[in-house]
Amino acid sequence: MYFVYVLSSEICDRLYIGSSAEPDERLRSHNFGKVKSSKPYRPWNRVLLEQYEIKDSALKREKYLKSGWGRKALSKLIQRRDG
């Protein structure tokens, strides 16, 4: 299984979008400062986790969520969940 995850920084209005076969371990890596691009914005909370059977599907979804249209859709999705 492969996962697409979205993290939200606790200290600023910032999201991190990624994919991994082990999302719990990946979240720990982000929070321990092992990921250079997310280190300054930690701690992180996971706000979305999607599961895929095929790695290629997860990578395509990750790429979409990082696009302009994907970020808009993601923002609406997160607002509905919090809402």
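Could you check the stretch 4-63 and list, in sequence order, the residues that are among the β-branched types (Val, Ile, Thr) and touching a Gly at 6+ places or on another chain (Cβ under 9 Å)? Working first, answer last.
Going residue by residue through the stretch 4-63, those that are among the β-branched types (Val, Ile, Thr) are 4, 6, 11, 17, 35, 47, 54.
Residues satisfying the conditions are Val4, Val6, Ile17, Val35.
Which residue pairs have Cβ atoms under 6 Å apart, sit 6 or more places apart or on different chains, and have a first residue in the stretch 23-36 that is under 15 Å from Ser9 (Cβ atoms) and a second that is assigned to a helix (DSSP H, G or I)?
Every condition considered, the pairs that remain are Gly33/Lys39; Val35/Ser29.
Among residues belonging to the stretch 32-45 that are hydrophobic (A, V, I, L, M, F, W, C) and surrounded by 13 or more Cβ atoms within 10 Å (Cβ to Cβ), point out the one that is farthest from Leu77 (Cα to Cα).
Looking only at the stretch 32-45, we keep the residues that are hydrophobic (A, V, I, L, M, F, W, C), and these are 32, 35, 44.
Checking the rest, the ones that are also surrounded by 13 or more Cβ atoms within 10 Å (Cβ to Cβ) come to 35, 44.
Details: Val35: 25, Trp44: 18 Å.
Step by step, filter the stretch 32-45, then rank; the result is Val35.
Which of the residues that make up the stretch 46-71 are under 18 Å from Cys12 (Cβ atoms) and open to solvent by 70 Å² or more (accessible area, probe 1.4 Å)?
Residues satisfying the conditions are Arg46, Arg71.
Here are the criteria: (1) aliphatic (A, V, I, L, M); (2) touching a helix residue (DSSP H, G or I) at 6+ places or on another chain (Cβ under 7 Å); (3) open to solvent by 100 Å² or more (accessible area, probe 1.4 Å). Tell me which single one Leu74 does not satisfy.
(3)
So that you can scan it fast, the table gives a plain yes or no per residue for (1) over 11 Å from the mean Cα position of the chain (by Cα); (2) hydroxyl-bearing (Ser, Thr, Tyr):
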{"residue": "Phe3", "(1), (2)": "no, no"}
{"residue": "Leu7", "(1), (2)": "no, no"}
{"residue": "Ile11", "(1), (2)": "yes, no"}
{"residue": "Tyr16", "(1), (2)": "no, yes"}
{"residue": "Arg26", "(1), (2)": "no, no"}
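Using the structure shown, decide if Ser29 is more than 17 Å from Leu74 (Cβ to Cβ), open to solvent by 50 Å² or more (accessible area, probe 1.4 Å) and out of contact with any Lys or Arg (no Cβ under 8 Å at 6 or more places or on another chain). Quick ask: steps written out before the conclusion?
Values: more than 17 Å from Leu74 (Cβ to Cβ): yes; open to solvent by 50 Å² or more (accessible area, probe 1.4 Å): no; out of contact with any Lys or Arg (no Cβ under 8 Å at 6 or more places or on another chain): yes.
It is false that Ser29 is more than 17 Å from Leu74 (Cβ to Cβ), open to solvent by 50 Å² or more (accessible area, probe 1.4 Å) and out of contact with any Lys or Arg (no Cβ under 8 Å at 6 or more places or on another chain).
The values are calculated or read from the model by the stated rules, or taken from the named source; none is laboratory data. Just so it is clear, the model here is predicted, and its values are computed rather than measured. So basically every Cβ, Gly included, is an ideal-geometry build from the backbone, and we count neighbours across all protein chains shown. Areas reflect the complete protein model, heavy atoms only, side chains present, ligands, DNA and RNA absent. Shrake-Rupley method; radii C 1.70, N 1.55, O 1.52, S 1.80 Å.
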